[in-house]
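See structure below.
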């Protein structure tokens, strides 16, 4: 998430009683979890094994729970509970504002868009020309929907990320400040759910077609002209290339990269990155030809054992 106005590290330090190490003139232009940071961002770390990754990320400002050497040009903000400070900054910048009307007055809806009865549209949502939002769709805050997008009944877009911080066996919810961005000419079937990002954006690329009852997790990036059949589930932060086909009930684990022009056959489970231009099958998924040979070999195994014992 990017801030509307830059924030001084000195102001943040004073507000949260933080010790400043490094560049005291630093300005924060946004705040992001470690997977999404860019130059000028704030991030946080409170587990020592992740210190190095955070300190050498693109983040300019790191909220951290120990005094360590500060990399050149960066700023460290020292405190006992970095997550609580991080989450409060997010909640302050993007506070939770409940809807009190069916369509928020801050939503921007093109006059050529079709909005059927029962549609709920959250604060600062944007809907482009020629888009058709069918009855009883929910569109959450800050969602951006392009032109000529068709969203079928009962779909929910912009729900909170399923993302929690575990401390001493207790789960604390992150305030989701990311968005869902749906590009032009996308179709989303009935009864789908698309989570917004924790701090970055969930993105559905131009021309992609999504069947009914598909779930797309927080921060997922889907390329152009993909085709997802019913009951596909994609976990958070996975990146999918262009022209990818996922047949029915394919499950995709988190933080993966799926190359362009990949095809995955129905009911497969993907637990590793997939190379561009190949066809996959099985759980765990592997190249389809290899998997089919394995299945054929397994079918012969009982007869092979029988012959062996008979000898």
| task | Sort the range 2-93 into rounded, prolate or oblate with this rule: let a ≥ b ≥ c be the square roots of the eigenvalues of the Cα gyration tensor; rounded if a/c is under 1.5, and if a/c is not under 1.5, prolate when a/b is larger than b/c, oblate otherwise. | result | rounded
| request: Specify whether the C-alpha gyration tensor of the range 108-289 places it in the rounded, prolate or oblate class, a ≥ b ≥ c being the square roots of the eigenvalues: rounded for a/c under 1.5, otherwise prolate if a/b is larger than b/c and oblate if not. | output: oblate
| query | For Rg and Dmax of the Cα atoms in Å, the choices are (i) 24.2, 80; (ii) 23.0, 83; (iii) 20.2, 59; which was calculated from the structure? | reply | (ii)
| Calculated from DSSP H runs of 4 or more alone, at -39500 (n - 2.57) each and per residue, what is the 222 nm mean residue ellipticity of the chain, nearest 500? | -5000 deg cm²/dmol
| note | The relative contact order of the chain, taking Cα pairs under 8 Å that sit 6 or more residues apart, comes to a percentage of 8 percent
| query | Do you know the relative contact order of the range 56-149, to the nearest whole percent, from alpha carbon pairs under 8 angstrom that are 6+ apart? | reply | 18 percent
| query | How much length, in nm to one decimal, is gained on full extension between residue 100 and residue 290, taken as 0.36 nm per residue of separation minus their Cα-Cα distance? | reply | 62.9 nm
| FRET efficiency, residue 297 to residue 81 (Cβ-Cβ, R0 45 Å, nearest 0.05) | 0.25
| message | I need the calculated FRET efficiency for the pair residue 273 and residue 14, taking r as the beta carbon distance and R₀ as 51 Å, to the nearest 0.05. | response | 0.70
| note | Mean-square fluctuation maximum in Gaussian network of the chain, Cα pairs under 10 Å, restricted to 231, 213, 17, hits 17
| query | Fewest to most neighbouring Cβ within 10 Å: what's the order for 276, 245, 238, 43? | reply | 276, 245, 238, 43
| What is the distance, in nm, between label points placed 7 Å from the Cα along the Cα-to-Cβ direction at residue 257 and at residue 160? | 3.2 nm
| message | To check you understand DSSP bridge types, tell me what percent of the beta bridges within the chain (both residues inside) are antiparallel, rounded to 5. | response | 20 percent
| query | Between the helical axis of 288-310 and the dominant principal axis of the chain, each derived from Cα atoms, what acute angle in degrees is found, rounded to the nearest 10? | reply | 50 degrees
| Between 285, 135, 297, which gets the highest mean-square fluctuation from a Gaussian network model of the chain, Cα cutoff 10 Å? | 297
| task | Kindly state, to the nearest 0.05, the FRET efficiency for residue 112 paired with residue 212, given R0 = 25 Å and r defined as their beta-carbon distance. | result | 0.45
| query | Using alpha-carbon pairs under 8 Å, 6+ residues apart, how would you state the relative contact order of the range 1-94 in percent? | reply | 27 percent
| task | Could you list 264, 20, 252 in order of exposure, starting from the residue whose Cβ has the fewest other Cβ atoms within 10 Å? | result | 20, 252, 264
| Alpha-carbon centroid distance for the pair the range 275-311 / the range 16-35, whole angstrom | 53 Å
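FYI, it's all coordinate maths here, none of it is from the lab. Please read all numbers here as calculations on a predicted model, not as lab measurements. With ideal geometry, Cβ positions are generated from the backbone for all residues, glycine too; neighbour counts draw on all protein chains shown.
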